[in-house]
Amino acid sequence: MPPLDDPRAIPRFRRALLRWYGANARDLPWRRTGDPYPILVSEVLLQQTRVEQALGYYTRFLAAFPNFAALAQAPEEDVLRIWAGAGYYRRARNLHRLAQAVAAEGLPHSYAELLGLPGVGSYTAAAVASIAFGEPVALVDGNVRRVLSRLWAEPEPSPRGLRERAEALLFPKDPGRWNQALMELGSLVCTPKRPNCPACPVARFCAGQEAPERYPAPRKRSQRTVSAAALVLRGPQGYLLERREGTALGGLWGFPLVEGEGALPALLARYGLPSAQPLGTVTHAFTHKRLTVRVYTAPWNGSGEDPRRRPLSALDRKILALVPGEG
Ligand code: SF4
């Protein structure tokens, strides 16, 4: 029987984890505040980004938009420009809409009401409700899912089962600290590869430590590979850039790009060009597809613009880096 199936083990488990967290928690800027705005920004950033990477974006974002009002008033293009490089731009667009909703109606404090805000799912709502407002609600992110899956040696835990386990473990007197402690354990000790079980503060409660990497079983993800062509046209003022559409990169700017077979002829026809010279190839992974982009350049008579004044996606930064002198 997994040790944590015995309810008497839970208080000891909590004490062991919180003691470890007190001694080992990283000093992160969003942990030094009770202000829900920076907590929310950090949680949105951390959904798809590692802490080390998120730190730089967090600092930049807070400097540009220090509170809900400043973010609500900013043009979307400025928000995307500051977010550029962090990826998953829908998060930035939703955060912007959320700030506008908060500016109009105020920030709700409960988990249930936070869920009604643009782009706020159960993870973000639980994080803000517990960390900023002390509501006893458990959160399950990727780290928590991995830790719980290992503690109970469950290769394929159901979302509902995970939620029930997380709620049973939750330390109701300080739910924000508790949620952060469990996530921190997953980030620092119970890592996806090579978890450090000998140093784990809760090893004696863990049913999966004999073979932790079996838990949870890898999720099957189908990622298509798609080919594309992009065209770099440079004039005296800079480059020809266009505003992208669609959910992944919509609102950002980038080089003319066409996916699929016949992409280059389509681009040449669009700009009335007879030919183009290859500049290189870049690859970029999105959630559901991997894009291989052959990049071309050709003489061009337009004026162009400075790409640093536009929100460029990480993909377009890679394309720009192929241009001699821009890398
Ligand atoms: S003992 Fe190992 S597998 Fe179990 S929670 Fe600790 S680090 Fe994770």
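The values are calculated or read from the model by the stated rules, or taken from the named source; none is laboratory data. Because the structure is a prediction, the values reported are computed rather than measured. Cβ placement follows ideal geometry from the backbone for every residue including glycine, while neighbour counts extend to all protein chains displayed. Side chains are part of the model used for accessible areas, which takes the heavy atoms of the whole protein and leaves out ligands, DNA and RNA. Shrake-Rupley method; radii C 1.70, N 1.55, O 1.52, S 1.80 Å.
Points to keep in mind about this one:
- Tabulated pairs, the stretch 195-217, first free of Cβ contacts under 8 Å to residues at least 60 places away in the same chain, second more than 8 Å from the ligand (Cβ to nearest atom) and aromatic (Phe, Trp, Tyr), C-beta under 8 angstrom, 6+ apart or interchain: 208/152
- Filtering the stretch 207-226 to residues that are touching a helix residue (DSSP H, G or I) at 6+ places or on another chain (Cβ under 7 Å) and more than 9 Å from the ligand (Cβ to nearest atom) leaves only 216.
- Check on residue 254, over 26 Å from the mean Cα position of the chain (by Cα) and within 24 Å of residue 224 (Cβ to Cβ): no
- For the stretch 153-167, the set of residues classified as open to solvent by 20 Å² or more (accessible area, probe 1.4 Å) and within 16 Å of the ligand (Cβ to nearest atom) consists of 153, 154, 155, 165, listed by residue number.
Table: residues versus (1) of a type in the set (Ser, Thr, Tyr); (2) buried (at least 16 other Cβ atoms within 10 Å of the Cβ); (3) over 28 Å from residue 154 (Cβ atoms).
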| site | (1), (2), (3) |
| --- | --- |
| 7 | no, no, no |
| 17 | no, yes, no |
| 40 | no, yes, yes |
| 44 | no, yes, yes |
| 65 | no, yes, yes |
| 77 | no, no, yes |
| 86 | no, yes, yes |
| 106 | no, no, yes |
| 114 | no, yes, yes |
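- For the stretch 171-206, filtered to residues that are more than 8 Å from the ligand (Cβ to nearest atom), more than 16 Å from residue 129 (Cα to Cα) and open to solvent by 60 Å² or more (accessible area, probe 1.4 Å), the residue that is farthest from the chain's Cα centre (by Cα) is 204.
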